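Read the structure below first, then the notes.
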Amino acid sequence: MLNEHELRELARFIVPEPVVSLYLNTDSTAATKDAYRLRLRNLLKEIDLPLDVAAVQDYFQTEYDWTGRGVAVFSCAPQKFFRAYPLALPVPDLMHISDRPSLGVLTRLLDSYGGYGVVLVDKQGARAFLFHLGVLKEQEGVLGEAVKQVKRGGASTVVGGRSMFAGVSRHVEEVIERNMKDSSDFAVRFFEDAHIRRILIGGTDDNIALFRGMLPKAFQSLVVGTFPMSMGANQSEVLAKAMQIGQEADEKRENTMVNDLIALSAQGADAVIGLDNTLDAANADRINTLVVLQGYQQPAYRCKNCSYLTPRPHRTCSNCGGEMYQIPDVIDVAVSRTLRKGGNVEVIRAHQGLDQAGKLGAFLRF
């Protein structure tokens, strides 16, 4: 399954021959398999690259099982290059031909749904899940000492003291605290091994608060949401809730990020907004995080010699004097260049301020 490392490898694949990028929605809840096959044939009719068409057709006829909700395929027959990524999430139908793979769609999916850790906690133990691109990749659990129930209305046996939970003895409180500490240690190991980028916590308010407080600060900062859920919930319930909470949290994070980007660029700080300024930053390899509105495409011009980018037509490059030629989508090129240079890309679903400010911007390095 696609990960960040593979995405950056795709970004480094730049060749003089045409590269076919195909995205196909295969969500069975929206249409039939035959309807998607027809869409595929119509997309392939748009290109005059027989070897690549044959490679794509062979993949769908012999390898793709049509059980996912989307698929991304990249082909460059002269380079003997072919990559296919079945996806558990829907994608827009798209055909793109350039000198490199078109990665905007995959970047958005990884940004929104990649590397989610979910942990369910109670007083005795925890269950941890890793969801990546809508698929459960791993799950583990830990179970501590049983917590004995006390009669309703009981109180702490510690004179002058207050229990963490009303109606429990000091011994029970110690058991709960020990279990929570074991659960947090277990979760940290799980998150570290899985390279989690975002964490969601499920349980009661009291259990979530106690568990979260025991996490190291580095992991507390990764918590993007909490929700009520029992330890006995099945993985489908956990995934559905994780997707819902994660998307809501991501929208808040995106909104904050874009507001910061617009404010910093207005102050002349280490941020730029708009196509011209962002391409200038890309030409200087200064982009740390590229921020782009989902679906934004823009033709532009690129130098054959030094790859200089400009939105305005020029016959010769102002940077090196080389020949300029038109490209259909400079946004995809900027995404690819940012990833190759070790930067990050944030694809924003919707933001009125970013839309009005030019649909594109970047946080800068040095």
* Helix-derived mean residue ellipticity, 222 nm - over the chain, DSSP H n ≥ 4, -39500 (n - 2.57), to 500 -> -12000 deg cm²/dmol
* **Farthest toward positive dipole pole in the stretch 239-318 [+1 Lys/Arg, -1 Asp/Glu at C-beta], among N259, Q297, G246** => Q297
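What Kirkwood Rh does the stretch 288-334 have if only Cα atoms enter the pairwise 1/r average? Answer in Å.
Roughly 11.2 Å, rounded to one decimal.
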* To do: Take the chain, connect every pair of alpha-carbon atoms lying under 10 Å apart with a spring to form a Gaussian network, then pick out the residue of S169, S184, S75 with the largest mean-square fluctuation.
  => S169
* Accessible area of S221 in the full protein assembly, 1.4 Å probe (Å², nearest 10) -> 90
* To do: Pop a pseudo-label 7 angstrom from the Cα along the beta-carbon direction at both S221 and A35 and give the gap in nm to one decimal.
  => 4.6
* To do: Among DSSP beta bridges lying fully in the stretch 272-365, give the percent that are antiparallel, nearest 5.
  => 75
* Dipole of the stretch 1-99 [Lys/Arg +1, Asp/Glu -1 at C-beta], most positive-end residue of F82, F60, H96 -> F60
* Using a 10 Å Cβ count of at most 15 others and DSSP loop calls, identify the longest part of the chain lacking such GluC sites (Glu not before Pro). => 146-366
* Counting DSSP beta bridges in the chain, what percent are antiparallel, to the nearest 5? -> 75
* How large is the charge dipole for the stretch 201-360, taken about the Cα centre, if only the Cβ atoms of Lys, Arg (+1) and Asp, Glu (-1) carry charge, to the nearest 20 debye? -> 520
* Degrees between helix 50-62 axis and first principal axis of the chain (Cα, 0 to 90, nearest 10) -> 30
* Can you work out the base-10 log of I(q)/I(0) for the chain at q = 0.08, 0.11 1/Å, using the Debye formula on its C-alpha atoms alone? -> -0.52, -0.86
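In square angstrom, what is the accessible area per residue of the chain with a 1.4 angstrom probe?
Accessible area per residue: 49 Å².
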* Structure fact -> Expected max-MSF residue from G246, G68, G114 in the GNM of the chain (alpha carbon, under 10 Å) is G68
* When the accessible area of the chain is split by element with a 1.4 Å probe, what percent falls to carbon and sulfur? -> 48
* To do: Measure off 7 Å from each Cα along the Cα-to-Cβ vector at L136 and K341, then give the distance between these two points in nanometres to one decimal.
  => 4.2
* **Radius of gyration, Dmax [the stretch 192-242; alpha carbons; angstrom]** => 11.3, 30
* To do: Give the angle, between 0 and 90 degrees and rounded to the nearest 10, that separates the Cα long axis of helix 330-340 from the longest principal axis of the Cα atoms of the chain.
  => 60
* **Unit charges at the beta carbon, dipole of the chain: most positive-side option, M324, V345, T32** => V345
* Asked: Across the chain, how many lysine pairs separated by 8 or more positions, or lying on different chains, have Cα atoms within less than 20 Å?
  -> 10
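With +1 on the Cβ of every Lys and Arg and -1 on the Cβ of every Asp and Glu, and nothing else charged, how large is the dipole of the chain about its Cα centre, in debye rounded to the nearest 20?
380
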* What's the longest bit of the chain with no exposed trypsin sites (Lys or Arg not before Pro), using DSSP loop states and at most 10 other Cβ atoms within 10 Å as the test? -> 163-314
* Structure fact -> Computed over the chain: longest principal axis from alpha-carbon atoms vs helix 205-214 long axis, angle to nearest 10 degrees, is 70
* Asked: Picking from D65, D111, D99, which is most flexible by a Gaussian network model of the chain using Cα springs under 10 Å?
  -> D65
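The values are calculated or read from the model by the stated rules, or taken from the named source; none is laboratory data. Quantities reported herein were computed from a predicted structural model and do not represent experimental measurements. Note that we place each Cβ from the backbone using ideal geometry, even for glycine, and neighbour counts take in every protein chain shown. With ligands, DNA and RNA removed, areas are computed over all heavy atoms of the protein, side chains included. Shrake-Rupley method; radii C 1.70, N 1.55, O 1.52, S 1.80 Å.
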